1. Looking at V133 and the list (1) closer than 24 Å to D95 by Cβ; (2) surrounded by 17 or more Cβ atoms within 10 Å (Cβ to Cβ), which single condition is not satisfied?
2. With L288, L308, L202, L213 as the choices, which residue is of a type outside the set (D, E), surrounded by fewer than 19 Cβ atoms within 10 Å (Cβ to Cβ), at pLDDT below 80 and more than 27 Å from M169 (Cα to Cα)?
3. Just to be sure, is A536 at pLDDT below 95 and over 35 Å from the mean Cα position of the chain (by Cα)?
4. For the range 546-574, give me each residue that is open to solvent by 60 Å² or more (accessible area, probe 1.4 Å) and touching a His at 6+ places or on another chain (Cβ under 9 Å).
5. Just checking, which of F219, F190, F240 is open to solvent by 40 Å² or more (accessible area, probe 1.4 Å), part of a helix (DSSP H, G or I) and either of a type in the set (S, T, Y) or touching a residue at least 40 places away in the same chain (Cβ under 8 Å) (or both)?
6. If you go through the range 470-485 one residue at a time, do you hit one that is within 21 Å of A588 (Cβ to Cβ), of a type in the set (G, A, S) and either in a loop (DSSP other than H, G, I, E, B) or touching a Ser or Thr at 6+ places or on another chain (Cβ under 7 Å) (or both)?
7. Tally time: how many residues in the range 318-342 are open to solvent by 20 Å² or more (accessible area, probe 1.4 Å) and either assigned to a helix (DSSP H, G or I) or more than 18 Å from W280 (Cα to Cα) (or both)?
Amino acid sequence: MMHGIHQWLLGVAMLLLAASGDASAGQPLVLDSSMSAVPLSSRISFRHDVLASDGSTQAFRRAREGQYAPLPDGNPSFGFQEGAFWFYLTVVNRDDQEPRWLLVQEYALSDNLNLYLRYPDGHVEHQAGGDHVPFGNRYVRYRHPNFRLDLPVGQPVEILLRVQSQSSMQVPLVLYTPPAFAEVLRDAQFSTGLYYGIVLALLIYNLVLWLMLRDAGYFWYLLHVAAFGLVLFTLNGYGFEYLWPQWPWMADAAVPLSICLALIGMQLFARSYLDLKDRWPLGNTISLGISAFFAVLAVISTQVEYHLVTPLASKAVLIGVLWIIVATLVMLRDDYRPARVFLLAWALFLAGTTMFTLLAFGLVPRNFWTLNGVQIGSALEMLLLSLALGSRYANLRVENIRIVQQSNEQLERSVIDRTKQLRTTMAQLGEANVQLREYSQRDPLTGVYNRRHFRQALEQELLARHANGKPLALLLLDLDHFKQINDRYGHLAGDDCLRQAALCLEDIVGARGGMVARFGGEEFVAVLPATNAKDALQLAEVIRLRIHQTPVVTHNHSIRMSTSIGVHTVDASRETVPEEVIRIADEALYRAKDDGRNCVRHSVTMA
């Protein structure tokens, strides 16, 4: 990767500059025509403003008073820290051909950066950056925060940078001339295209195989590759650049959320590939438990502050990969041959993610391997896993051929007996396929249908309206203050509450020929064919009363729940799409919440 090589060369330059001694951090940096890319870690000084209370005037004063110190060992990584960090440097430009430079922070996830330039005449210029500032405000549309520096020839300019962030405090600063920065952009484009080209090729290849073979292992592999690709897309700043440039909240939430999705895909893929359900039931249960933990953590990550959930998610990566390696070793002990390549793939991935995690916590210095280890390890892991899947399928195919040949030989010896056995086997396989299809459509916690099946069923029912000429009703239900139930009684009690709510819904809606599904978290949805607005409202009120009047007895507690319900009905003649129906029902639900919760509201105010 060209960009990785560029980072490595910068790291070498930083070490050479650091060799000149810490005293250089307090001396002005003189720029001349021989310089084009200048790492600042060995030159710049810093101060940790724990209370984040200083302004720029006070920070400049502290710099004059010598209250700033060189970076420890020239390392710009401090881990997860409270407060703000100030960085100070005086620059004198001796290159009359380059009066304009760029200051780049080569870390994409910092929230707020404020740059102050003080010139000899006393006037101060201010620029803002970071992923809490709209992407379009950046001087150059680039994934790393960057600032324009106008440096008059021969005049000392004081540079003061304030960084405050909930993410890992990493502030690798580099000064570039415009031509040198153009080279960085070119190299970054090549390395990024190479990595994501590999990811995209693997996704397309295995998607085709999954569509052809319908093997669950390929599906979970696709989830893992796509989610982890999103992880790196976010960590490298491309998510903020291309996907949510005007959405700072998503810039924070996408990191732990994508990590959790990737970990879920990893666990379920390993469970499928290693055949833990049949070969090691205890390991299968542990894998499912870990997957459930990551699913809960994914939900929590959208509600909890970044600096609390991201360190937990980062550490959980190591735990998740270590468990996969443990399960693989157990399978190797049982002489499961496909586990060999699998173990090598996850060992490489573990090495890369370990370097990434240690760098995030400021425990290792920034260099080529710590910066790019996770990309290298994940790329090799994805390639090896794809090969492992292909090898596993080939082995299964050979085994199937052998079984068929053996079956034919036995069939020749005993046609009647073998025919009976084949019929029995086919019947069992048919039942297993039916159960598997049903399981894929069901929510594993509550037993009701999952969101994916609900989406398909809603689309079919909307089409059926035109044939039967009858309206369709949609109920969107949310358990009130469910997080408080989890916090007070625990998640196991919360699970019991979800199951109880699902039973109430199925009992009432099922009797009317409707369908119930878990929409997500504590939200449920019900589809009621041939139901007008009046009947839908009456049925929703019955559901609300049933849930409110049926306490959940669990773990020596009696928990009383309430629910808010949004109702929307669609006439037989109206053209619409599932997304529009869900959106309108969701608006009715939010109106129910705004009206005090524990009530039913229709999308159209009823007389």
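1. Condition not satisfied by V133: (1).
2. Answer to the check: L213.
3. yes
4. Residues satisfying the conditions are R560, S573.
5. None of the other options fit; the residue is F190.
6. Scanning the range 470-485, I find at least one residue that is within 21 Å of A588 (Cβ to Cβ), of a type in the set (G, A, S) and either in a loop (DSSP other than H, G, I, E, B) or touching a Ser or Thr at 6+ places or on another chain (Cβ under 7 Å) (or both), so the answer is yes.
7. 12
Residue by residue, here is whether (1) within 19 Å of V525 (Cα to Cα); (2) touching a helix residue (DSSP H, G or I) at 6+ places or on another chain (Cβ under 9 Å); (3) crowded, with 22+ Cβ neighbours inside 10 Å holds:
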position: H453; (1), (2), (3): yes, yes, no
position: Q460; (1), (2), (3): yes, no, no
position: N468; (1), (2), (3): no, no, no
position: P471; (1), (2), (3): yes, yes, no
position: H481; (1), (2), (3): yes, no, no
position: N486; (1), (2), (3): no, yes, no
position: G494; (1), (2), (3): yes, yes, yes
position: R499; (1), (2), (3): yes, no, no
position: L505; (1), (2), (3): yes, yes, yes
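The values are calculated or read from the model by the stated rules, or taken from the named source; none is laboratory data. Keep in mind that what you see is a predicted model, and the values were worked out from it rather than measured. FYI the Cβ positions are ideal-geometry reconstructions off the backbone, even for glycines, and counts take in every protein chain you see. Note: accessible area is taken over every heavy atom of the protein model, side chains too, but ligands, DNA and RNA are not part of it. Shrake-Rupley method; radii C 1.70, N 1.55, O 1.52, S 1.80 Å.
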